[in-house]
Amino acid sequence: MRDTTKFLHPRLICFVLMTVVLALVTPLAEAQQKVTSPEEYFGFQLGSDRNIARWDKIVDYYYLLEKENDKLKVINMGPSTEGNPFLVVIISSADNLANLNRLQEVNAKISDPRGITESEIKELVKEGRTVICQSMSLHATEIGGTQMAPELTYDLITRTDEETQRILHNVLFFLIPSFNPDGQIMVTDWYRKILGTEYEGVGLPWLYHKYVGHDNNRDGDYLNMIESVYAAKIMYRDWVPQAYIDHHHMGSYGARFYVPPYGEPIRPYADPLIWREHSWYGAHIAYKLEEAGKAGILNAAQFPGWGHFGWHWITPFHNIAGMLTESASAKLATPLYIHPDQLRGGARQFPEYEAQTTFPNPWPGGWWRLRDIVEQKYISAWALLDLAARNKETVLWNAYLKAKRQTERGAQDKPKAYVIPSAQHDHLTAIKMVNTLLLSGIEIKQAQKEFMAGGKIYPAGSFIISLAQPKMGLIRNLLGRTRYADNAWTRDKDGAPLRPYDLATHNMNEFMGVCVDPINVVVDGDFQILTDEVPTIGEVKAGDADYLLDGRLNASFKAVNLLLDKGVKVQRIDKAGSELLPGDFVVSKGPEAVLQDVARQTGVDFAALNGELNVKTHEVKRMRVGMYQRYMGGNMDEGWTRFVLEQFSFPYTSIMDDEIKKGNLNKKYDVIILPDDSTAMITGERQKETTYRRPRSIYPPEYRSGIGEEGVKAIKAFVENGGTLVTFGGSCNFAIEKFSLNVRNVVADMNSKDFFCPGSTLKVTFDNNHPLAYGMPSEGLVLFRSSPAFAISPSQHNERYETVVRYMDKDILQSGWLIGEKHLSKKAAMVSAQHGKGQVILISFRTQHRSQTHGTYKLLFNALIR
């Protein structure tokens with residue numbers, strides 16, 4: 001047979017061979033490059049009507065994407081409060097992800113350039129990548145962010161256009177797909193349960209976090225929740241992003257979407273570039289939304305620049321352009337129809353639902369869907385990445401400038417430092433505060449020797465925080481005395497004050513009862529920078545007799561609870577003696593291993609007592625504690641109280657409506673706690689229904705809380721038969737009314753121009769010879785948040801009422817905003833009222849507020865240990 005191959009041109013042979021090879025290889029390559037789309041994986045388009053992807057499936061999807069693609073890295077930070085994975089997903093080019101360690105070094109030097117020359121910084125700016133963080137659905141009923149995140153991720157790792165490639169090359173994107181995994185699961189399961197019923201789309205009847213619900217966005221400073229600890233590790237210490245957006249929802253009947261910048265007023269001490277960056281990023285986001293044909297976009301209004309210290313409002317003081325988006329809500333995943341005449345303005349700098357320069361394109365009304373929310377959030381999230389990628393070197397250079405200038409301001413201005421003396425009323429709480437500040441990436445030094453500052457001698461072990469560091473603004477807001485802005489931005493046209501967005505101060509040491517001294521001079525001494533948290537390990541000191549625990553320490557209450565759990569006898573001192581104070585605890589000799597373990601867990605020293613005590617004592621009995629828990633969306637103050645009690649090992653039982661209504665409460669409880677709440681929410685009485693207040697009828701019948709008249713009678717009988725009722729804040733009004741107490745709330749229903757105090761620290765005196773105030777200093781601060789204030793009305797039984805805490809006569813305000821000081825002068829802040837055989841304790845202020853006000857914890861604890 002004739003061989004014809006010799007007549008083929010060599011190039012033709014190569015071409016044929018290449019064609020065959022490609023034919024064989026291409027399907028394999030395509031199979032290897034295939035990335036599963038969200039719709040393919042979940043079986044529906046994310047954001048489509050009546051569909052919610054559940055967190056466990058979302059987690060699995062991210063791990064699948066990591067296997068299929070080299071442009072993302074999934075980091076499981078650890079278990080959430082209830083054991084679900086808390087993910088951070090880093091999205092960038094494969095080269096960047098392979099070079100993370102070096103890029104992290106570059107980021108750290110730009111974020112804190114002390115000791116680095118400007119020429120070095122310029123080289124680092126060229127080498128570095130912008131670091132952007134965005135978090136989704138911190139508030140679990142605000143589901144749009146988490147539902148959008150997989151779609152955003154998929155497009156970033158699969159699109160090949162120039163814009164996407166620029167983002168991947170120039171940006172390290174840290175995505176938190178769900179800031180609240182536990183709540184995401186709760187809301188998804190609840191929605192599926194009510195889907196197809198008349199209650200479809202109704203919000204969760206209980207808190208969408210085990211403890212804190214909506215208040216997880218009030219935890220960017222104290223970092224009480226484990227989810228907050230994870231986020232702080234990423235943003236405050238390991239990586240400092242140049243920009244951050246926290247994606248939220250808001251009410252349904254205003255603008256469709258709020259984007260940066262914030263409105264007025266702004267909180268002091270941030271670098272001015274922060275506020276300019278908000279406008280810069282916000283303008284690009286708004287522009288891209290309008291370009292995409294999205295109507296109803298609002299910026300520079302509604303949300304002020306002075307807000308709480310949750311995530312988007314605290315990050316500017318870490319030199320991060322921390323921002324917020326807020327989408328109008330649907331009914332979870334169920335569409336909501338909105339009539340044009342239902343749309344309204346009325347928020348700050350947004351007086352009417354009419355076009356204005358920051359709201360040029362009003363939405364006309366109609367159906368509003370989850371998919372609308374997902375698309376808004378997608379556009380805004382992409383726009384932030386796009387602008388950061390286009391302007392990488394500008395963003396990084398300005399990050400350097402912010403850190404440098406804040407450090408310079410701290411060095412030049414006064415105070416120049418804060419000293420935390422080692423000698424404190426409660427030194428363990430002071431150390432807890434120091435360790436909390438360390439979690440925020442603040443540089444703190446500890447004195448190795450005695451030193452002098454501001455004319456005062458401080459002992460070794462004291463802490464000093466210089467303001468000549470990049471986080472100067474954060475330090476001043478957390479440790480410096482604060483006065484809320486009182487100007488045209490914070491009052492309406494008739495002069496009435498406008499309520500701050502949350503509190504008027506967030507001063508940490510004032511809340512925690514820790515002494516901090518501002519110092520106006522440069523401090524010299526032998527100081528060592530803290531590189532890890534300060535340990536607190538108690539010591540059991542050898543002795544012949546019993547042991548003494550300091551009753552001024554919050555941690556002593558935890559120690560007592562742990563000892564009682566082990567059957568160790570504890571007594572309490574009632575009268576002061578030689579170096580002994582009322583409220584100190586005396587611990588009987590017990591098993592050495594038990595005492596050592598308690599000392600290790602709590603940090604409390606067991607001081608040896610030699611010889612017999614010559615002071616009056618009584619044996620400590622731990623009360624059987626019940627706490628009222630309701631539905632109707634849950635009560636955050638109740639959740640926080642549960643958290644505080646657990647942190648200090650107090651056993652308690654949550655009591656629901658039915659148990660209270662059945663009565664006979666004394667058989668099971670000695671103390672019942674009513675957390676801060678309105679009388680209407682406690683009793684279930686009809687209240688005025690507004691857009692912001694849930695009517696009882698929207699929930700299924702089994703979730704319509706309220707103790708009713710039966711419950712009121714049962715609680716009254718409980719107290720009359722010897723029980724103790726402890727009430728916080730608004731629930732004091734319930735007790736005063738339902739028990740007909742001879743106590744008046746002197747600031748009830750006052751015009752805000754006459755009296756106004758929204759979240760401020762006020763000066764009080766404590767009767768620390770009273771058992772309810774054992775362990776307290778004689779004077780201190782309480783957090784007043786639109787609280788009651790009491791006067792005891794004259795009666796035939798004045799002796800049945802005791803004032804435990806009282807406001808000072810003048811100069812009452814420490815930090816925040818107070819109008820009408822005279823109305824608080826010398827008034828009672830905490831009252832104990834005898835009622836039958838029991839007592840009602842009225843604590844008007846926020847004694848355990850958000851697990852932050854450690855300085856007043858003992859006023860609660862003393863009611864639970866007698």
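The values are calculated or read from the model by the stated rules, or taken from the named source; none is laboratory data. In this text, all values refer to a predicted model and were calculated from it rather than measured experimentally. Every residue, glycine among them, receives a Cβ derived from its backbone with ideal geometry; neighbour counts consider all protein chains shown. All accessible areas refer to the heavy atoms of the entire protein, side chains included, with ligands and DNA or RNA removed. Shrake-Rupley method; radii C 1.70, N 1.55, O 1.52, S 1.80 Å.
I'm checking my understanding of the structure. Among residues of segment 616-648 that are hydroxyl-bearing (Ser, Thr, Tyr) and farther than 20 Å from Leu725 by Cα, which one is nearest to the chain's Cα centre (by Cα)?
Among those residues, the one meeting the criterion is Tyr631.
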> If we only count strands (runs of 3 or more DSSP E) wholly inside segment 754-819, which ones have 2 or more residues that are more than 23 Å from Asp637 (Cα to Cα)?
Replying inline: 760-766, 790-792, 801-807, 813-815
>> Criterion first (more than 15 Å from Phe845 (Cβ to Cβ), touching a helix residue (DSSP H, G or I) at 6+ places or on another chain (Cβ under 9 Å) and either in contact (Cβ under 8 Å) with a residue 40 or more places away in the chain or open to solvent by 20 Å² or more (accessible area, probe 1.4 Å) (or both)) does Asp749 satisfy it?
In response: no
> Within segment 605-634, how many residues are open to solvent by less than 20 Å² (accessible area, probe 1.4 Å) and either hydrophobic (A, V, I, L, M, F, W, C) or in contact with an Asp or Glu (Cβ under 9 Å, 6 or more places away or on another chain) (or both)?
Replying inline: 7
> Which one of the conditions (1) touching an Asp or Glu at 6+ places or on another chain (Cβ under 7 Å); (2) open to solvent by 10 Å² or more (accessible area, probe 1.4 Å); (3) in a helix (DSSP H, G or I); (4) among the hydrophobic types (A, V, I, L, M, F, W, C) does Val74 fail to meet, given that it meets all the rest?
Replying inline: (3)
>> Are there strands (runs of 3 or more DSSP E) fully within segment 309-386 with at least 3 residues that are of a type in the set (A, V, I, L, M), under 30 Å from Phe511 (Cβ atoms) and under 27 Å from the mean Cα position of the chain (by Cα)? List them.
In response: 321-328
> Right, Glu646: touching a Pro at 6+ places or on another chain (Cβ under 6 Å), of a type in the set (Asp, Glu) and not in a loop (DSSP other than H, G, I, E, B) or not?
Replying inline: no
> If you check Glu151, Glu127, Glu118, which single one turns out to be under 17 Å from Ala94 (Cα atoms) and open to solvent by 10 Å² or more (accessible area, probe 1.4 Å)?
Replying inline: Glu127
> Which residues, taken from segment 727-746, are under 33 Å from the mean Cα position of the chain (by Cα) and farther than 16 Å from Thr679 by Cβ?
Replying inline: Val746
> What residue, of Ala576, Ala542, Ala559, is farther than 29 Å from Ser778 by Cβ and small (Gly, Ala, Ser)?
Replying inline: Ala542
> Within segment 790-801, is even one residue in contact with a strand residue (DSSP E or B) (Cβ under 9 Å, 6 or more places away or on another chain), aliphatic (A, V, I, L, M) and open to solvent by 30 Å² or more (accessible area, probe 1.4 Å)?
Replying inline: yes
>> Pull out all pairs, ordered by first then second residue, where Cβ-Cβ is under 7 Å, the residues are six or more apart or on different chains, the first lies in segment 428-452 and is hydroxyl-bearing (Ser, Thr, Tyr), and the second is in a loop (DSSP other than H, G, I, E, B) and buried (at least 21 other Cβ atoms within 10 Å of the Cβ).
In response: Thr429/Gly513; Thr429/Val514; Thr436/Tyr222
> Which residues, counting only those in segment 660-690, are free of Cβ contacts under 8 Å to residues at least 24 places away in the same chain and part of a helix (DSSP H, G or I)?
Replying inline: Lys667, Ala680
> Of the residues that sit in segment 166-198 and are touching a helix residue (DSSP H, G or I) at 6+ places or on another chain (Cβ under 7 Å) and in a loop (DSSP other than H, G, I, E, B), which one is farthest from Ala383 (Cα to Cα)?
Replying inline: Asn180
> List pairs: first in segment 264-290 and within 23 Å of Ser327 (Cα to Cα), second open to solvent by 50 Å² or more (accessible area, probe 1.4 Å), Cβ under 6 Å, 6+ apart or cross-chain?
Replying inline: Glu264/Trp489; Pro265/Trp489
> Consider Ala295 against the criteria (1) without any contact (Cβ under 8 Å) to a residue 60 or more places away in the chain; (2) assigned to a loop (DSSP other than H, G, I, E, B); (3) open to solvent by 10 Å² or more (accessible area, probe 1.4 Å): it satisfies all of them except one. Which criterion is unmet?
Replying inline: (1)
> Within the bounds of segment 211-234, is there any residue that is open to solvent by less than 10 Å² (accessible area, probe 1.4 Å), part of a helix (DSSP H, G or I), under 26 Å from Ala53 (Cβ atoms) and among the charged types (D, E, K, R)?
Replying inline: yes
>> Going through Tyr337, Tyr353 one at a time, which residue ends up being open to solvent by 10 Å² or more (accessible area, probe 1.4 Å), aromatic (Phe, Trp, Tyr) and in contact with a Phe, Trp or Tyr (Cβ under 6 Å, 6 or more places away or on another chain)?
In response: Tyr337
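Output the residues belonging to segment 845-866 that are outside any helix (DSSP H, G or I) and more than 15 Å from Gly639 (Cβ to Cβ).
The answer is Phe845, Thr847, Thr853, Ile865, Arg866.
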>> So, in segment 238-289, how many residues would count as being within 30 Å of Arg369 (Cβ to Cβ), in contact with a His (Cβ under 8 Å, 6 or more places away or on another chain) and outside any strand (DSSP E or B)?
In response: 3
